[in-house]
């Protein structure tokens, strides 16, 4: 069964958020929209703010989900994170970027978490 791309991405983000909650993260926001783009998940791990990029794929035909995060995407996420911190008046807090990949090849979804991904 293949899901439409947007539905697949939303499902992967739901799985990622549930995974983070099981790891004792606190979800602050999801799908944070700005004029320049979107941050999938903003969470807290202790005192650290974590910006999480979620990549969901139904196969590895075109590479792994993690491989789809280009240098340009990382730069954009850095810019979005700085905008978020400034708007939330949280610029003094420490933060990091994590990646969660969800692969739905052959049944059960496989979730991988890459803390401090970039």
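Read-outs: derived from the displayed coordinates by stated rules, not from any lab. Quick caveat, the model's predicted, so the values are computed rather than measured. With ideal geometry, Cβ positions are generated from the backbone for all residues, glycine too; neighbour counts draw on all protein chains shown.
Annotations
- Criterion: in contact (Cβ under 8 Å) with a residue 24 or more places away in the chain and over 21 Å from residue 43 (Cβ atoms) - qualifying residue of 67, 105: 105
- Condition check for residue 94: touching a residue at least 24 places away in the same chain (Cβ under 8 Å) and either in contact with a helix residue (DSSP H, G or I) (Cβ under 8 Å, 6 or more places away or on another chain) or on the phi > 0 side of the Ramachandran plot (or both): no
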